[in-house]
Structure formats: C-alpha cells, structure tokens
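A.B. asks: Next up is a structure, given as structure tokens.
The values are calculated or read from the model by the stated rules, or taken from the named source; none is laboratory data. Please read all numbers here as calculations on a predicted model, not as lab measurements. For neighbour counting, all protein chains shown are included, and Cβ atoms are generated from backbone atoms with ideal geometry for every residue, glycine included.
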Amino acid sequence: MGTYGYAAPDYIETGHLTAKSDVWSFGVVLYEMLTGRRSMERNRPKSEKKLLEWVKQYPPDSKKFETIIDQRLQGEYSKNGARKLAKLADHCLRKSAKDRPTMSQVVERLKQIMEDSDEADDRSVEVSENGEAEAEVKGNQLGSSELWKKRMEHLAKLGERVESASRKRFMILQRANVSS
C-alpha cells in the first residue's frame, strides 16, 4: 500500500485504496516487465530515474518505442505484442480511476495478447536443416522467446492474483462498513 512508484494518483490524493488503485500498480508492473527496470532506480540519470516518466518519452506507436524493451530479450519477442502490452499498461495508468479497466478486463487482454504472440511465433519458427551456426542462432532466439513467453504467463497469473486480492479486500471493506 502506497509503495513509492506504484501508488495510484487517486490513492495519493484520498488515502483510500480501491481495485482501480491495484490496476494502476499493475500498469507499473507491466512496464517493469517490458523494460526490465524497476519503478524507481536512483543510480540512473535524472531523466531515467522514474520508470513512468521515462517510458512516456517512448509511446507504443512511436519508432523509438523498441529502445525501451529489456535488452536481455535480445530483440527476440513479439514486437506487436510488446506494443499491445505497453498500450494496456498505458490504459491501466490513466490518471482517472474510472477510466482504467477492471482487473478482469486486464487479464482477458493479457490472455489475448499471449494468444496473438503464440500464433505469430508458430508462423515465424521454421525448422531449418542448414548448418550449426543457424541452429545456434535459432537456439538463442528460442531462449529469448521462451523468456518472453514466461514473462507473459507470469503477468497473466499475477493479474489473476491481483484481481483475487482486490475482490477479497473489497469484501473485507464491505463487511467492515456493514458492521459499523
């Protein structure tokens, strides 16, 4: 609650957590997964310390967007999927809580992005019988693709947990209101 770099503007203003506060935080996590960076990194140049301020300079539809993607993926990820994830993160990070999606909508969108990425991978991976060097490159590509896939699966599971935790917190608050 209120962790610097993850706190939604509505929480900072009111001090009240809502399910939409969790959606904001999840948007931050989406950008952490895309970039391989933390929400706050004090050892970076001033313009890069705060993740959300830094990524604003690289909109998902811009040509320079791919420069923020985690270098450990070695360029082997669904570029279209990464753009869709960033757009989803931006949707989660809308200033007004009512303009943010629900966690259920976020989880559904994540699953759709994963399916789209899997279909693209199936079309692009072709087994070749030409030499060891090409096989090694394919091996590296598959390793990076697997890393991308694991990140996507992790995000979907994390989203489901956030939704469950938000629902539990809501029920606890409802019971507290009824009791008072």
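A.B. asks: Given the residues 98, 157, 168, 149, which is the only one that is modelled with pLDDT of 90 or more, within 26 Å of residue 22 (Cα to Cα) and either in a helix (DSSP H, G or I) or not basic (Lys, Arg) (or both)?
C.D. replies: Numbers: 157 fails: modelled with pLDDT of 90 or more; 168 fails: modelled with pLDDT of 90 or more; 149 fails: modelled with pLDDT of 90 or more.
The match here is 98.
A.B. asks: Another question, if that's okay. Could you go through the stretch 43-60 and let me know if any residue there is out of contact with any helix residue (DSSP H, G or I) (no Cβ under 6 Å at 6 or more places or on another chain), under 18 Å from residue 147 (Cβ atoms) and assigned to a loop (DSSP other than H, G, I, E, B).
C.D. replies: no
A.B. asks: Can you name every residue in the stretch 61-76 that is in a loop (DSSP other than H, G, I, E, B) and either within 21 Å of residue 151 (Cβ to Cβ) or aromatic (Phe, Trp, Tyr) (or both)?
C.D. replies: Restricting attention to the stretch 61-76, the residues satisfying the condition of being in a loop (DSSP other than H, G, I, E, B) are 61-64, 69-70, 74-76.
Result: 69, 70, 74, 75, 76.
A.B. asks: Contact list please: Cβ distance under 6 Å, first residue in the stretch 10-39 and more than 16 Å from residue 96 (Cβ to Cβ) and in contact (Cβ under 8 Å) with a residue 40 or more places away in the chain, second residue hydroxyl-bearing (Ser, Thr, Tyr) and surrounded by fewer than 19 Cβ atoms within 10 Å (Cβ to Cβ), pairs at least six apart or on different chains.
C.D. replies: Close Cβ pairs (under 6 Å, with a partner that is hydroxyl-bearing (Ser, Thr, Tyr) and surrounded by fewer than 19 Cβ atoms within 10 Å (Cβ to Cβ)) amount to 28/39.
A.B. asks: Is at least one residue of the stretch 61-70 within 19 Å of residue 88 (Cβ to Cβ) and free of Cβ contacts under 8 Å to residues at least 12 places away in the same chain? Please lay out each step first, then the result.
C.D. replies: Here is the first cut: in the stretch 61-70, the residues within 19 Å of residue 88 (Cβ to Cβ) are 61-62, 65-66, 68-70.
Then keep just the ones that are free of Cβ contacts under 8 Å to residues at least 12 places away in the same chain; that gives 62.
Checking the stretch 61-70: at least one residue is within 19 Å of residue 88 (Cβ to Cβ) and free of Cβ contacts under 8 Å to residues at least 12 places away in the same chain.
A.B. asks: Going through 20, 84 one at a time, which residue ends up being under 15 Å from the mean Cα position of the chain (by Cα) and in a helix (DSSP H, G or I)?
C.D. replies: So the residue among 20, 84 that is under 15 Å from the mean Cα position of the chain (by Cα) and in a helix (DSSP H, G or I) is 84.
A.B. asks: Name the residue that is surrounded by the fewest Cβ atoms within 10 Å (Cβ to Cβ), counting only residues in the stretch 78-97 that are farther than 12 Å from residue 24 by Cβ and not hydrophobic (A, V, I, L, M, F, W, C).
C.D. replies: My answer is 80.
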